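To start, the structure itself, in structure tokens.
The values are calculated or read from the model by the stated rules, or taken from the named source; none is laboratory data. Quick caveat, the model's predicted, so the values are computed rather than measured. A quick note on method: Cβ atoms are made from the backbone with ideal geometry, for glycine too, and the neighbour counts reach across all protein chains shown.
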Amino acid sequence: MKRRISRHGSFARCALATVMVCGALLCGDAARSEGLKIDHAAIATRDAKTATITFDIAWSNSWRHGGFHDAAWVFFKVKPAGGAVWQPARLAADRVVTPTGFSQGKEGTPIEFVVPGGADGYVGLFVRRAGDGIGAVSARGVTVVCEAQPLNAEVRAFGVEMVYVAEGPFYLGSGGIEWNRLYRWTDGSKDMPLRVMGTSSWELHDNGSPTPPFRVTSSGAIPTGRENGKLWAAGIKPEDGGEIPASFPNGYAAFYGMKYPYITQGQYAGLLGTLTPTELRTRYYADYHGKTIQRGGAAPEWTFVAEKPYDPCPRLSYADGAAFAAWAGLRPMTELEFEKAIRGPLDPRPNEAGFSYWGLAWMGFPNWYDRPISTGSAAGRKFVGTHGRGTLDLPGDWPTEMEAVLLRYDPYYNSGALKTSGRGAFRNVFLDRSLTGCWRAARTAPAGDTAIRQAAKRFDPEGVKALPRLAGALRCDGVLDEWGAAGGQPEPTAILNAAEDVAPLRYRTFLPTFSYDPWRGPEDVSARLFLGHDGQSLCVAVEVTDDRHCNTQAGDKLWNGDALQVHLVNAKGINWSLALALTTNGVVMHQFSGPSNDVLKAASRAVARDDKARTTRYELGLPLAAIGVAAGEDFSLNMMVADGDDEKGMRAAVALHPSMEYPPIIARFPRFTVRK
């Protein structure tokens, strides 16, 4: 039989309605009128041991490209009819991905269910797109299974938008001079100048100490101290001669982070509406967030209404945020996860201040600061990543001391000194309740999530690749027939068709959170790259899949539209940077750098566009003598295919290696050789 639906079971669309179902800000501005919405929550008996909860769910800015995706973390609270205490509803699942009994109605966006299990599991689930796509998600008649509940129980549904951060290695520190930065200790550091990767040469800084980035390569323990190769810090140091334990979430393993860096007024009002009068005494402050969340009714049936449910809830302390995370079934994020969430697997750049590689919004903005758990505190290093159990009770490994957390991007400090790798310490209680203080919770990605398509085998930039020799001389005609063997299909050097290949600045090019015209998948722009030689020339061919082709540029602006960019550095360190494009004025080639125009004059070139097939083919022959490449010598080469759908210019690109992004890190370019 159907049970009573809580009158607080859906998000309000105006300030006067109830706001007990949680949602997250969409993105960009500090104020949003809409966010994640979970409506019409209801509970019904399924059998003697289980019940079903049904609801509708929708959010606007969503994406999934292989392993890159967002999701909604959804959890439930139930209360017996006439009861006074709300309790977490524990889910019943026989597997991690789309368990038995979990389903959706026939209409709407196809969705997928992921239910984390284990000792701290079954308190919620991830709802995400079932396949690749971008834009709004809307699903009605969503059904999940939970443990049996009393008859006539009330149910409330809550949700938080999250972003997936994939498993894999990453760097800590940038090689720059940020405050309290983490870095890899090197012997003789007191006598050596700082060396950092800039463009094609080492830059020197005046702090007299090299602080190269430290690479995290596993989920194992990280040795710390002033010994060669160990992790160390310029300030807020870890233990000298100690380690960051393997139990500490160091960022290597996959996890989900909150898409937005704060708890909203609506989310916090949802929490308050499930607490007892005793619990409210420590979590509701009329002089702080009470000015935007109005309390009504009478004890013990208080009601809480958020003035602006999708705005940040002001003046939340670290303890308030921890209580919310425990109640939501999430956990704090660590500072190592924080840095991975920004930089991703990319090579660091000195003193960089970028946005999130994965799409976590407002991560890297100088007017907000996050508060992740510190490795520079013994209390912080005891954290093992236990998730909240759906109540206010904090797990025993969670730090409660202010010294166990750090500031990132604090506006009251010099924000230029914090940046991606900068680390700040708390100074006073006021900062803990600052208007711009954030609380970004996380949850470890569950084991057994086999539905995530991991990145395909990418081009390996390591080592030196010997270029194959074409059967005959290169013919620049845009046909590519000479690249095949005996009329067969040619074997590409690399295939660029995934979100991992999108460049530059992924936050602009494939995430709807930050772009009105994001990368929409392989049909939007993708490429097959071919490299070889014919004995006389370095031969380049690119077959691009592109739904629209447009380049109205010329000269040094040729890159700002559909174009092929090639950057080559020979064994003598001479740079050649070129662009080739089919423009409104025909096939055009431009040289950005090089000691002379010999290459520009001698290169053979062709660009052919097939609008019906939606393909563009580039062919380029660079005489070996002109580029200064001799047989048997190594040279560095990187390529980027820019996509410009209209006169507005380049909107996305795919690159052989992300080091092509400006300013290029030539030391990381893939290396090749022409056999003798």
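Right, Ser636: small (Gly, Ala, Ser), touching a strand residue (DSSP E or B) at 6+ places or on another chain (Cβ under 7 Å) and closer than 19 Å to Gly532 by Cα or not? Yes: the conditions hold for Ser636. Set side by side, the residues Gly241, Gly251 differ, and just one is modelled with pLDDT of 95 or more and closer than 23 Å to Gly385 by Cα, which is Gly251. The residues in segment 280-302 that are surrounded by fewer than 17 Cβ atoms within 10 Å (Cβ to Cβ) and of a type in the set (Val, Ile, Thr) can be counted, and the count is 1.
Conditions tested, residue by residue: (1) touching a strand residue (DSSP E or B) at 6+ places or on another chain (Cβ under 6 Å); (2) in the same structural domain as Pro446 (by TED's automatic domain parsing); (3) modelled with pLDDT of 95 or more.
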site	(1), (2), (3)
Tyr268	no, no, yes
Leu271	no, no, yes
Thr282	no, no, no
Ile293	yes, no, no
Glu301	no, no, no
Ala306	yes, no, no
Tyr310	yes, no, no
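Take the conditions among the small types (Gly, Ala, Ser), free of Cβ contacts under 8 Å to residues at least 60 places away in the same chain and more than 14 Å from Asp562 (Cα to Cα) and apply them to Ser596. Does it pass? It is true that Ser596 is among the small types (Gly, Ala, Ser), free of Cβ contacts under 8 Å to residues at least 60 places away in the same chain and more than 14 Å from Asp562 (Cα to Cα).
Return the residue satisfying two criteria in turn: it lies in segment 119-147 and is over 22 Å from Ser60 (Cβ atoms) and touching a residue at least 60 places away in the same chain (Cβ under 8 Å), and of such residues it is surrounded by the fewest Cβ atoms within 10 Å (Cβ to Cβ). Within segment 119-147, the match that is surrounded by the fewest Cβ atoms within 10 Å (Cβ to Cβ) is Glu147.
Taking segment 598-665 as the region of interest, the strands (runs of 3 or more DSSP E) fully inside it that hold 3 or more residues being modelled with pLDDT of 95 or more are 604-610, 615-623, 634-643. When you scan segment 535-554, do you find a residue that is free of Cβ contacts under 8 Å to residues at least 24 places away in the same chain, surrounded by fewer than 17 Cβ atoms within 10 Å (Cβ to Cβ) and either in contact with a Leu (Cβ under 7 Å, 6 or more places away or on another chain) or assigned to a helix (DSSP H, G or I) (or both), even just one? Scanning segment 535-554, I find no residue that is free of Cβ contacts under 8 Å to residues at least 24 places away in the same chain, surrounded by fewer than 17 Cβ atoms within 10 Å (Cβ to Cβ) and either in contact with a Leu (Cβ under 7 Å, 6 or more places away or on another chain) or assigned to a helix (DSSP H, G or I) (or both), so the answer is no. Checked against (1) at pLDDT 95 or above; (2) outside any strand (DSSP E or B), Ala157 passes all but a single condition, namely (2).
Among the residues in segment 75-90, are any within 24 Å of the chain's Cα centre (by Cα), on the phi < 0 side of the Ramachandran plot and at pLDDT 50 or above? Checked against the condition, which is being within 24 Å of the chain's Cα centre (by Cα), on the phi < 0 side of the Ramachandran plot and at pLDDT 50 or above, segment 75-90 yields at least one hit. When segment 291-340 is filtered for residues that are within 17 Å of Val163 (Cα to Cα) and part of a loop (DSSP other than H, G, I, E, B), the ones remaining, listed by number, are Gly329, Leu330, Met333. Residues in segment 555-587 that are farther than 20 Å from Ala608 by Cα, touching a Leu at 6+ places or on another chain (Cβ under 9 Å) and in contact (Cβ under 8 Å) with a residue 60 or more places away in the chain: His567, Leu568, Val569, Asn575. Just checking, does segment 71-90 include any residue being among the small types (Gly, Ala, Ser), in a strand (DSSP E or B) and crowded, with 18+ Cβ neighbours inside 10 Å? The answer is yes, given that some residue of segment 71-90 is among the small types (Gly, Ala, Ser), in a strand (DSSP E or B) and crowded, with 18+ Cβ neighbours inside 10 Å. Restricting Leu582, Leu578, Leu568 to those that are assigned to a strand (DSSP E or B), in the same structural domain as Tyr662 (by TED's automatic domain parsing) and more than 13 Å from Arg605 (Cα to Cα) reduces the list to Leu568. Would it be correct to say that Ile222 is among the hydrophobic types (A, V, I, L, M, F, W, C), modelled with pLDDT under 90 and surrounded by 15 or more Cβ atoms within 10 Å (Cβ to Cβ)? For Ile222, the condition - among the hydrophobic types (A, V, I, L, M, F, W, C), modelled with pLDDT under 90 and surrounded by 15 or more Cβ atoms within 10 Å (Cβ to Cβ) - is not met.
Matching residues to (1) under 15 Å from the mean Cα position of the chain (by Cα); (2) at positive phi; (3) crowded, with 20+ Cβ neighbours inside 10 Å:
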site	(1), (2), (3)
Pro332	no, no, yes
Phe355	yes, no, yes
Ile373	no, no, yes
Lys382	no, no, no
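Taken over segment 122-142, the criterion of being of a type in the set (Gly, Ala, Ser) and modelled with pLDDT under 95 is satisfied by Gly131, Gly133, Gly135, Ala136.
Restricting attention to segment 666-676, the residues that are among the aromatic types (Phe, Trp, Tyr) and either part of a strand (DSSP E or B) or under 16 Å from Val525 (Cα atoms) (or both) total 1.
So that you can scan it fast, the table gives a plain yes or no per residue for (1) part of a loop (DSSP other than H, G, I, E, B); (2) within 21 Å of Met333 (Cβ to Cβ):
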{"position": "Ser219", "(1), (2)": "yes, yes"}
{"position": "Pro223", "(1), (2)": "no, no"}
{"position": "Glu227", "(1), (2)": "yes, no"}
{"position": "Gly235", "(1), (2)": "yes, yes"}
{"position": "Asp240", "(1), (2)": "yes, no"}
{"position": "Glu243", "(1), (2)": "no, yes"}
{"position": "Ala253", "(1), (2)": "yes, yes"}
{"position": "Tyr260", "(1), (2)": "yes, yes"}
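Only one entry of Glu339, Glu307, Glu352 meets the criterion of being touching a residue at least 60 places away in the same chain (Cβ under 8 Å), charged (D, E, K, R) and over 24 Å from Leu172 (Cβ atoms), and that entry is Glu307. When Val155, Val160, Val145 are screened for being within 22 Å of Arg64 (Cα to Cα) and hydrophobic (A, V, I, L, M, F, W, C), only Val160 passes. Looking only at segment 637-668, residues that are under 21 Å from Ala466 (Cβ atoms), touching a His at 6+ places or on another chain (Cβ under 9 Å) and surrounded by 22 or more Cβ atoms within 10 Å (Cβ to Cβ) come to 3 in all. Before we move on, is Ala306 surrounded by 24 or more Cβ atoms within 10 Å (Cβ to Cβ) and over 28 Å from Pro116 (Cα atoms)? Yes: the conditions hold for Ala306.
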